[in-house]
Amino acid sequence: MKKIILFLLISSSAWAQQVMPKTYNYNDFNLIVKVEDKEKYYNQMLQENPEQQSKPAQYEDYRASLAVGWLAKANLDRYKYYTKENPEFSFIHLVDFVYALEYLVEDSKHLKLVEQVSSEYLDMLDKAKTNDELIRDRMQVLLEVNAMANAKLGNVELAMKNITRSSTITGMREGKYFKDSKSNYLNRYGIVLAAAGQDKKALELLTEAVRNADSNPKLVATLGAIYKKVTRSEEGLDKLVKSLQDEAYQKCYKEVEKLYISDSKIPFQGSIPDPNADGEGKMLTILTAKQHTGAISLPDMNGKTVNFADYKGKILVIDFWTTGCTPCVAAFAGFEKVVADYKKDPFQLFVINLFEEQQTVKSFIAKKGITLDVLQDQPNEAYDIQATPTKIVFDQMGNIRFYGAGYAGSTDREYYKLKAMVEIIKAHHI
């Protein structure tokens, strides 16, 4: 089945609609950032509105959210407390559950917790025998995480079994939807191979990953550790990594170079091949610019007006997103690397949220630790964006030189592509 890399703009408000007492509701609960504060809200709600025996699933979403929140803090006791009645995880809860385990498996202090919790959930999914593609995709990642934990714990045979099984499950690893899906898989596979004594094979696997931009900082770090193990030396490591990264960047540069727009007179429409047209040549208009960039003003997260005219003389990047768009947020890590590279240059990047209330966006930013400069265009008036993520890159005079939609698939590839756009504009407009 053809994968759609875009998150088409639909309302997500229905996800959390519930018939609840007037004083308490899941939307307000979900805006709370800290799990400790969520738990207080939940307990107060139970005191004032006890769960009705005739509605055993009345507060199930609350318990599922609290379970995942405590898991993310590595509190196994609280996680078990809220899962003792087996609350059904929505897909959003499952995504956050897997994210929590992915984060924890990187910390050697929590390997046994990760192994235990992931094993229990995998057993449950096996018994359920689900054919849901999205759930099986998360099952694929759970197997990887479980394999990585077992490899570090010394359970090599089980680790190899689960990473191999993960490789055979049809999922969205190539779909460029979840952040670093392929990079994380390759990194975990390399760790399992090294634990099994197959260091050279692991090194080859990770070398190709970096060369092809299927990489992120964690994978590069694993490559370095295995390189030193194989060669028993650090000599030549920096040179190898730089050579591989340069090769990956040049490939991205050549791809991006073809997309440079020499004439973007206003009004301007940006289109891409329609992902639902099955090769029929149809195009999908994803943005419309009816006025010059200098005429646009948008509020930041404190309500202060930001005038794009003030950025004349700088390369300006704007990227449109929503909190429910997973590939949108997946791209942010690559953006952060570009921002770091050009922090002393005439350059500015904004990520512009569409449609959502400020309190929703602020809560999301705090939960995810987003450090990028965020603006809002709640009515979607600036560029009439039709799919997210959509990126627009302007030269120093405010002319559109690049635009595109979708997530590049890895932190490094997203970084290379945007960096290439900036460098190409600099080369054209010295």
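Each reported figure results from applying straightforward, stated rules to the coordinates on display, with no laboratory input. None of the values given here were measured: they were computed from a predicted structure. A quick note on method: Cβ atoms are made from the backbone with ideal geometry, for glycine too, and the neighbour counts reach across all protein chains shown.
Figures for the structure shown
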read-out	value
Burial ranking of peptide ranges 199-212, 59-72, 301-314, 138-151 (average Cβ count within 10 Å, highest at the top)	138-151, 59-72, 199-212, 301-314
Long pairs among 152/337; 40/362; 179/282; 84/112, criterion Cα-Cα beyond 25 Å	152/337; 179/282
For the chain, cysteines whose Cβ has no other cysteine Cβ within reach (under 4.7 Å)	252
Over the range 107-165, volume per residue of the alpha carbon convex hull, in Å³	69 Å³
Neighbourhood net charge (13 Å Cβ-Cβ; Lys/Arg +1, Asp/Glu -1) for residue 388	-3
Tensor-based shape of the range 261-428 (alpha-carbon gyration tensor, a/c under 1.5 rounded, otherwise prolate or oblate)	rounded
Cα-based shape type of the range 143-224, given that a ≥ b ≥ c are square roots of the gyration tensor eigenvalues and the cut on a/c is 1.5	oblate
Largest to smallest principal axis extent of the C-alpha atoms in the range 99-239, angstrom	50, 31, 23
For the range 236-241, 3J(HN,Hα) per residue [Karplus equation, 6.51 cos²θ - 1.76 cosθ + 1.60, θ = phi - 60°, Hz, x = Gly/Pro]	x, 5, 4, 5, 5, 4
Residues whose placed amide H lies under 5 Å from that of residue 130, excluding near-sequence neighbours	none
Rough spin-label spacing in nm, given labels placed 7 Å along Cα→Cβ, for residue 426 and residue 57	5.5 nm
The chain: antiparallel DSSP beta bridges as a percent of all, rounded to 5	65 percent
Three-way shape label, the range 17-254, alpha-carbon gyration tensor, a/c 1.5	prolate
Aspartates and glutamates with Cα under 14 Å of residue 312, excluding same-chain neighbours fewer than 8 positions away	345, 395
222 nm mean residue ellipticity, helices alone, for the chain (DSSP H n ≥ 4; -39,500 (n - 2.57); rounded to 500)	-16000 deg cm²/dmol
Cα extents of the chain along the three principal axes, largest first (Å)	64, 63, 45
Unsatisfied cross-links (Cα-Cα over 30 Å) in the set 229/419; 182/290; 182/229	229/419; 182/290
